[in-house]
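The values are calculated or read from the model by the stated rules, or taken from the named source; none is laboratory data. All values derive from a computational prediction rather than experimental measurement. Here Cβ is always computed from backbone atoms with ideal geometry, including for glycine, and neighbour counts include all displayed protein chains. When the accessible area is computed, the model is the full protein with side chains, heavy atoms only, and any ligands, DNA or RNA have been set aside. Shrake-Rupley method; radii C 1.70, N 1.55, O 1.52, S 1.80 Å.
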Amino acid sequence: GKAVGTGTIQYLTHEMDQQFTRKVQLERSLFTALEDGAFSLAYQPIINLKTRRVNGFEALLRWNHTALGSIPPAEFIPLAEEAALITPINNWVVLEACEQLAEWQQTIDPKLTMAINISPHQFQSDSFIRTLQHLISNKIISPRSVTLEMTENIAILQTQRTLERMQLIKSLGFRLSIDDFGTGYSSLQYLSAFPIDELKIDKTFIDGIDVGNVGLLDSIIQLGRNLNLNLVAEGVETSSAEAYLKTTSCQQMQGFIFAKPLSVDEVDKRFNSSTS
Ligand code: C2E
Ligand code: CA
Ligand code: CA
Ligand code: CA
(Lines give C-alpha, C1' and ligand atoms only; values in the text may rest on other atoms or scores of the structure.)
(Ligands and ions follow the chains in the order given, each with its own letter.)
Protein backbone atom coordinates (compact mmCIF):
# COMPACT_ATOMS: atom_id res chain seq x y z
CA GLY A 1 0.00 0.00 0.00
CA LYS A 2 0.89 3.64 -0.09
CA ALA A 3 3.18 4.81 2.65
CA VAL A 4 1.71 7.31 5.04
CA GLY A 5 3.86 10.41 5.18
CA THR A 6 5.03 12.04 8.37
CA GLY A 7 2.77 14.97 7.54
CA THR A 8 -0.29 12.69 7.57
CA ILE A 9 0.73 11.16 10.88
CA GLN A 10 1.26 14.58 12.41
CA TYR A 11 -2.12 15.60 11.06
CA LEU A 12 -3.87 12.51 12.48
CA THR A 13 -2.15 12.99 15.84
CA HIS A 14 -3.31 16.57 15.85
CA GLU A 15 -6.90 15.43 15.06
CA MET A 16 -6.83 12.93 17.92
CA ASP A 17 -5.40 15.54 20.27
CA GLN A 18 -8.22 17.88 19.37
CA GLN A 19 -10.87 15.22 19.93
CA PHE A 20 -9.33 14.30 23.24
CA THR A 21 -9.08 17.92 24.32
CA ARG A 22 -12.75 18.45 23.44
CA LYS A 23 -13.76 15.39 25.43
CA VAL A 24 -11.78 16.49 28.49
CA GLN A 25 -13.13 20.02 28.19
CA LEU A 26 -16.72 18.77 27.92
CA GLU A 27 -16.29 16.37 30.83
CA ARG A 28 -14.90 19.10 33.05
CA SER A 29 -17.74 21.50 32.20
CA LEU A 30 -20.35 18.81 32.77
CA PHE A 31 -19.62 18.83 36.50
CA THR A 32 -20.84 22.42 36.84
CA ALA A 33 -23.28 22.57 33.91
CA LEU A 34 -26.36 22.04 36.12
CA GLU A 35 -25.49 24.80 38.60
CA ASP A 36 -24.32 27.04 35.71
CA GLY A 37 -27.83 26.77 34.27
CA ALA A 38 -26.34 25.57 30.98
CA PHE A 39 -29.07 22.97 30.34
CA SER A 40 -32.44 23.65 28.82
CA LEU A 41 -35.23 21.55 27.40
CA ALA A 42 -36.70 21.48 23.92
CA TYR A 43 -40.24 20.18 23.54
CA GLN A 44 -41.39 18.19 20.53
CA PRO A 45 -45.15 17.86 20.01
CA ILE A 46 -46.69 14.38 19.99
CA ILE A 47 -49.87 14.47 17.97
CA ASN A 48 -52.94 12.35 17.36
CA LEU A 49 -52.63 10.87 13.86
CA LYS A 50 -56.35 11.02 13.08
CA THR A 51 -57.10 14.54 14.35
CA ARG A 52 -53.61 16.14 14.19
CA ARG A 53 -54.28 17.62 17.63
CA VAL A 54 -51.34 17.99 20.04
CA ASN A 55 -51.66 15.36 22.80
CA GLY A 56 -48.46 16.37 24.54
CA PHE A 57 -44.72 16.88 24.25
CA GLU A 58 -41.46 14.97 24.61
CA ALA A 59 -38.83 16.82 26.65
CA LEU A 60 -35.39 16.74 24.97
CA LEU A 61 -32.28 17.88 26.79
CA ARG A 62 -30.12 20.68 25.35
CA TRP A 63 -26.69 21.81 26.55
CA ASN A 64 -25.36 25.20 25.59
CA HIS A 65 -21.64 25.19 26.34
CA THR A 66 -20.17 28.69 26.88
CA ALA A 67 -17.14 28.09 24.66
CA LEU A 68 -18.21 25.25 22.35
CA GLY A 69 -21.84 26.17 21.71
CA SER A 70 -24.70 23.70 21.46
CA ILE A 71 -23.59 20.10 22.22
CA PRO A 72 -25.89 17.35 20.90
CA PRO A 73 -27.28 14.89 23.51
CA ALA A 74 -25.78 11.99 21.55
CA GLU A 75 -22.36 13.45 22.42
CA PHE A 76 -22.79 14.55 26.05
CA ILE A 77 -25.16 11.90 27.46
CA PRO A 78 -22.54 9.11 27.14
CA LEU A 79 -20.01 11.43 28.82
CA ALA A 80 -22.46 12.17 31.64
CA GLU A 81 -23.03 8.44 32.04
CA GLU A 82 -19.28 7.79 32.30
CA ALA A 83 -18.87 10.55 34.87
CA ALA A 84 -21.89 9.32 36.90
CA LEU A 85 -23.57 12.70 36.36
CA ILE A 86 -26.48 11.39 34.34
CA THR A 87 -28.79 10.78 37.30
CA PRO A 88 -28.71 14.29 38.82
CA ILE A 89 -28.97 15.81 35.33
CA ASN A 90 -31.90 13.59 34.40
CA ASN A 91 -33.65 14.18 37.74
CA TRP A 92 -33.44 17.88 36.91
CA VAL A 93 -35.02 17.11 33.52
CA VAL A 94 -37.92 15.31 35.25
CA LEU A 95 -38.61 18.27 37.56
CA GLU A 96 -38.21 20.94 34.90
CA ALA A 97 -40.37 19.12 32.33
CA CYS A 98 -43.13 18.49 34.89
CA GLU A 99 -43.16 22.11 36.07
CA GLN A 100 -43.43 23.18 32.42
CA LEU A 101 -46.25 20.68 31.88
CA ALA A 102 -48.14 22.08 34.89
CA GLU A 103 -47.88 25.55 33.35
CA TRP A 104 -49.01 24.44 29.89
CA GLN A 105 -51.91 22.44 31.32
CA GLN A 106 -53.16 25.78 32.66
CA THR A 107 -52.36 27.96 29.65
CA ILE A 108 -52.78 25.57 26.67
CA ASP A 109 -54.80 22.46 27.48
CA PRO A 110 -55.45 20.65 30.81
CA LYS A 111 -55.19 17.28 29.06
CA LEU A 112 -51.61 17.76 27.79
CA THR A 113 -49.08 15.04 28.58
CA MET A 114 -45.27 15.03 28.92
CA ALA A 115 -42.85 12.29 27.85
CA ILE A 116 -39.46 12.18 29.58
CA ASN A 117 -36.40 10.06 28.73
CA ILE A 118 -35.07 7.98 31.59
CA SER A 119 -31.51 6.61 31.56
CA PRO A 120 -30.71 3.09 32.87
CA HIS A 121 -28.69 4.39 35.86
CA GLN A 122 -31.36 6.87 36.80
CA PHE A 123 -34.02 4.17 36.57
CA GLN A 124 -32.24 2.14 39.27
CA SER A 125 -31.48 5.08 41.56
CA ASP A 126 -33.36 5.98 44.75
CA SER A 127 -33.04 9.68 43.97
CA PHE A 128 -35.18 9.12 40.86
CA ILE A 129 -37.96 7.51 42.91
CA ARG A 130 -37.70 10.37 45.43
CA THR A 131 -38.02 12.84 42.54
CA LEU A 132 -41.19 11.10 41.37
CA GLN A 133 -42.59 11.07 44.92
CA HIS A 134 -41.78 14.78 45.24
CA LEU A 135 -43.86 15.51 42.11
CA ILE A 136 -46.83 13.75 43.67
CA SER A 137 -46.60 14.97 47.27
CA ASN A 138 -46.14 18.58 46.13
CA LYS A 139 -49.01 18.16 43.65
CA ILE A 140 -46.87 19.47 40.80
CA ILE A 141 -48.55 17.25 38.21
CA SER A 142 -50.83 14.24 38.03
CA PRO A 143 -48.56 11.21 37.37
CA ARG A 144 -51.08 9.97 34.79
CA SER A 145 -50.08 12.83 32.50
CA VAL A 146 -46.40 11.84 32.57
CA THR A 147 -44.88 9.08 30.42
CA LEU A 148 -41.43 7.81 31.33
CA GLU A 149 -39.56 6.53 28.27
CA MET A 150 -36.86 3.89 28.58
CA THR A 151 -35.05 1.85 25.96
CA GLU A 152 -35.50 -1.90 25.70
CA ASN A 153 -31.94 -2.42 26.89
CA ILE A 154 -33.02 -1.51 30.43
CA ALA A 155 -34.91 -4.77 30.47
CA ILE A 156 -32.17 -7.21 29.52
CA LEU A 157 -30.31 -7.38 32.83
CA GLN A 158 -31.63 -8.04 36.33
CA THR A 159 -35.08 -8.87 35.07
CA GLN A 160 -36.65 -9.37 38.49
CA ARG A 161 -35.25 -6.09 39.79
CA THR A 162 -36.34 -4.27 36.63
CA LEU A 163 -39.82 -5.68 36.96
CA GLU A 164 -40.07 -4.54 40.59
CA ARG A 165 -38.85 -1.06 39.67
CA MET A 166 -41.41 -0.79 36.90
CA GLN A 167 -44.16 -1.96 39.23
CA LEU A 168 -43.11 0.64 41.82
CA ILE A 169 -43.21 3.42 39.20
CA LYS A 170 -46.58 2.17 37.94
CA SER A 171 -47.95 2.03 41.51
CA LEU A 172 -47.09 5.74 41.81
CA GLY A 173 -49.31 6.27 38.76
CA PHE A 174 -46.80 7.14 36.01
CA ARG A 175 -47.04 5.73 32.49
CA LEU A 176 -44.21 3.63 31.03
CA SER A 177 -43.08 3.60 27.42
CA ILE A 178 -40.45 1.63 25.51
CA ASP A 179 -38.36 4.02 23.39
CA ASP A 180 -36.70 3.20 20.03
CA PHE A 181 -38.73 0.01 19.98
CA GLY A 182 -37.38 -2.63 17.60
CA THR A 183 -33.74 -1.54 17.68
CA GLY A 184 -32.59 -3.11 20.95
CA TYR A 185 -32.51 -6.51 22.52
CA SER A 186 -36.19 -7.22 22.13
CA SER A 187 -37.73 -10.08 23.92
CA LEU A 188 -41.37 -10.71 23.29
CA GLN A 189 -41.58 -12.24 26.75
CA TYR A 190 -40.76 -9.07 28.65
CA LEU A 191 -43.27 -7.12 26.62
CA SER A 192 -46.13 -9.05 28.14
CA ALA A 193 -44.47 -9.50 31.57
CA PHE A 194 -43.62 -5.83 32.17
CA PRO A 195 -46.26 -3.21 33.04
CA ILE A 196 -45.75 -1.16 29.87
CA ASP A 197 -48.32 1.27 28.47
CA GLU A 198 -46.74 2.26 25.18
CA LEU A 199 -44.26 1.50 22.40
CA LYS A 200 -42.46 4.20 20.48
CA ILE A 201 -41.74 2.75 17.06
CA ASP A 202 -38.21 3.68 16.03
CA LYS A 203 -37.66 5.99 13.06
CA THR A 204 -35.86 3.26 11.07
CA PHE A 205 -39.21 1.43 10.66
CA ILE A 206 -41.03 4.65 9.71
CA ASP A 207 -38.38 5.38 7.05
CA GLY A 208 -39.31 2.05 5.45
CA ILE A 209 -42.70 3.45 4.41
CA ASP A 210 -41.28 5.65 1.66
CA VAL A 211 -39.27 2.81 0.13
CA GLY A 212 -42.20 0.38 0.26
CA ASN A 213 -40.71 -1.64 3.09
CA VAL A 214 -43.48 -1.87 5.70
CA GLY A 215 -43.29 -5.54 6.73
CA LEU A 216 -41.61 -4.99 10.08
CA LEU A 217 -43.58 -1.83 10.79
CA ASP A 218 -46.86 -3.64 10.20
CA SER A 219 -45.73 -6.50 12.48
CA ILE A 220 -44.82 -4.10 15.30
CA ILE A 221 -48.17 -2.31 14.98
CA GLN A 222 -49.98 -5.67 15.05
CA LEU A 223 -47.98 -6.74 18.11
CA GLY A 224 -48.68 -3.49 19.96
CA ARG A 225 -52.34 -3.78 19.12
CA ASN A 226 -52.53 -7.38 20.36
CA LEU A 227 -50.87 -6.38 23.63
CA ASN A 228 -53.20 -3.39 23.95
CA LEU A 229 -50.36 -0.85 23.96
CA ASN A 230 -50.50 2.75 22.84
CA LEU A 231 -48.32 3.23 19.74
CA VAL A 232 -46.30 6.32 18.82
CA ALA A 233 -44.50 6.57 15.47
CA GLU A 234 -41.19 8.42 15.80
CA GLY A 235 -39.36 10.56 13.27
CA VAL A 236 -42.19 11.02 10.76
CA GLU A 237 -40.76 13.31 8.08
CA THR A 238 -42.97 12.91 5.01
CA SER A 239 -46.67 13.36 4.30
CA SER A 240 -46.73 9.95 2.61
CA ALA A 241 -45.45 8.31 5.81
CA GLU A 242 -48.07 10.19 7.82
CA ALA A 243 -50.80 9.16 5.37
CA TYR A 244 -49.78 5.51 5.60
CA LEU A 245 -49.67 5.54 9.41
CA LYS A 246 -53.15 7.06 9.47
CA THR A 247 -54.48 3.89 7.84
CA THR A 248 -52.99 1.70 10.61
CA SER A 249 -53.94 1.32 14.28
CA CYS A 250 -50.97 3.48 15.36
CA GLN A 251 -52.56 6.34 17.34
CA GLN A 252 -49.87 9.00 17.63
CA MET A 253 -46.87 10.43 15.84
CA GLN A 254 -43.95 12.72 16.38
CA GLY A 255 -41.66 14.14 13.73
CA PHE A 256 -40.42 17.01 11.61
CA ILE A 257 -43.51 16.72 9.35
CA PHE A 258 -45.47 18.39 12.18
CA ALA A 259 -42.82 20.10 14.32
CA LYS A 260 -39.19 19.82 15.33
CA PRO A 261 -38.26 20.13 19.03
CA LEU A 262 -39.31 23.66 20.09
CA SER A 263 -38.20 26.13 22.75
CA VAL A 264 -40.67 27.17 25.47
CA ASP A 265 -41.22 30.47 23.64
CA GLU A 266 -41.89 28.69 20.34
CA VAL A 267 -44.44 26.40 22.00
CA ASP A 268 -46.16 29.41 23.58
CA LYS A 269 -46.26 31.27 20.24
CA ARG A 270 -47.65 28.30 18.35
CA PHE A 271 -50.07 26.69 20.81
CA ASN A 272 -50.86 29.15 23.58
CA SER A 273 -53.60 31.50 22.42
CA SER A 274 -53.38 33.56 25.65
CA THR A 275 -49.91 34.89 24.74
CA SER A 276 -49.32 36.90 21.61
P1 C2E B 1 -35.00 9.97 21.35
O2 C2E B 1 -35.53 9.85 22.73
O3 C2E B 1 -35.30 8.86 20.40
O4 C2E B 1 -35.54 11.36 20.81
C5 C2E B 1 -35.92 11.59 19.49
C6 C2E B 1 -34.80 12.24 18.71
O7 C2E B 1 -35.18 12.28 17.34
C8 C2E B 1 -34.53 13.68 19.11
O9 C2E B 1 -33.15 13.93 18.91
C10 C2E B 1 -35.37 14.45 18.09
O11 C2E B 1 -34.91 15.77 17.89
C12 C2E B 1 -35.17 13.60 16.87
N13 C2E B 1 -36.28 13.73 15.92
C14 C2E B 1 -37.58 13.95 16.16
N15 C2E B 1 -38.32 13.96 15.04
C16 C2E B 1 -37.46 13.71 14.02
C17 C2E B 1 -37.60 13.60 12.59
O18 C2E B 1 -38.69 13.71 12.02
N19 C2E B 1 -36.46 13.32 11.89
C20 C2E B 1 -35.24 13.18 12.48
N21 C2E B 1 -34.18 12.94 11.70
N22 C2E B 1 -35.07 13.29 13.83
C23 C2E B 1 -36.16 13.54 14.58
P24 C2E B 1 -32.25 14.63 20.03
O25 C2E B 1 -33.02 15.73 20.69
O26 C2E B 1 -30.94 14.96 19.39
O27 C2E B 1 -32.03 13.51 21.11
C28 C2E B 1 -31.28 12.36 20.81
C29 C2E B 1 -31.39 11.35 21.91
O30 C2E B 1 -30.78 11.81 23.11
C31 C2E B 1 -32.83 11.03 22.30
O32 C2E B 1 -33.39 10.15 21.38
C33 C2E B 1 -32.61 10.41 23.67
O34 C2E B 1 -32.22 9.07 23.57
C35 C2E B 1 -31.46 11.22 24.20
N36 C2E B 1 -31.99 12.24 25.11
C37 C2E B 1 -32.48 13.47 24.83
N38 C2E B 1 -32.87 14.11 25.95
C39 C2E B 1 -32.64 13.24 26.97
C40 C2E B 1 -32.83 13.31 28.39
O41 C2E B 1 -33.35 14.28 28.97
N42 C2E B 1 -32.44 12.21 29.12
C43 C2E B 1 -31.90 11.11 28.53
N44 C2E B 1 -31.54 10.07 29.30
N45 C2E B 1 -31.72 11.01 27.20
C46 C2E B 1 -32.08 12.07 26.43
CA1 CA C 1 -42.08 29.22 32.38
CA1 CA D 1 -37.40 9.35 23.64
CA1 CA E 1 -36.79 7.31 20.30
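Quick rundown of the values:
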read-out	value
SER240 accessible area, assembled protein chains, probe 1.4 Å, Å²	60 Å²
Inverse mean reciprocal Cα-Cα distance (Kirkwood Rh) of the stretch 38-194, Å	16.5 Å
Chain lengthening between HIS65 and ILE9 when straightened (0.36 nm per residue, less Cα-Cα)	17.1 nm
Entries in LYS139/LYS246; LYS170/LYS269; LYS111/LYS246; LYS139/LYS269 that, when Cα-Cα distance is taken, lie over 30 Å	LYS139/LYS246; LYS170/LYS269
Residues with amide H under 5 Å from that of LEU262, placed H, sequence gap 5 or more	TYR43, GLN44
Whole-Hz couplings from phi, Karplus 6.51/-1.76/1.60, listed for the stretch 260-274; x for Gly and Pro	7, x, 10, 6, 4, 4, 5, 5, 4, 4, 7, 10, 9, 6, 7
For the chain, accessible area per residue (1.4 Å probe, heavy atoms of protein chains only), Å²	52 Å²
Highest to lowest packing among 190-197, 56-63, scored as the average C-beta count within 10 Å	56-63, 190-197
Cα long-axis angle, helix 126-137 against the chain (0 to 90 degrees, to the nearest 10)	40 degrees
Helix-only CD estimate at 222 nm, as mean residue ellipticity for the chain, using -39500 (n - 2.57) per DSSP H run (n ≥ 4)	-14500 deg cm²/dmol
Whole-Hz ³J(HN,Hα) from phi, Karplus 6.51 cos²θ - 1.76 cosθ + 1.60, for the stretch 230-236, glycine and proline x	5, 10, 10, 8, 9, x, 7
Candidates GLN18, GLN252, GLN100, ranked by Gaussian network fluctuation over the chain, Cα under 10 Å, top entry	GLN18
Label-point separation, ALA38 to ASP210 (7 Å along Cα→Cβ), nm	3.5 nm
Among LEU172, LEU12, LEU188, residue whose mean-square fluctuation peaks in a GNM of the chain (springs only between Cα atoms under 10 Å)	LEU12
Nonlocal amide H pairs with ALA233, under 5 Å, H built at 1.01 Å	ILE201, GLN252, MET253, GLN254
Gain on full stretching of the segment that runs from ASN272 to LEU163 - 0.36 nm per residue minus C-alpha separation	35.3 nm
Added length on full extension, which subtracts the Cα-Cα distance from 0.36 nm per residue, ASP218 to ILE257	12.0 nm
Accessible surface of the stretch 1-160 [probe 1.4 Å, protein heavy atoms]: carbon and sulfur percent	55 percent
Mean separation of Cα contacts under 8 Å, 6 or more apart, over the residue count of the stretch 138-185: relative contact order %	57 percent
For the chain, built as a Gaussian network whose Cα springs stay under 10 Å, the top-fluctuating residue of MET16, MET114, MET253	MET16
Cut-off under 5 Å, modelled amide H: who pairs with PHE57 long-range	ILE46, THR113, MET114, ALA115
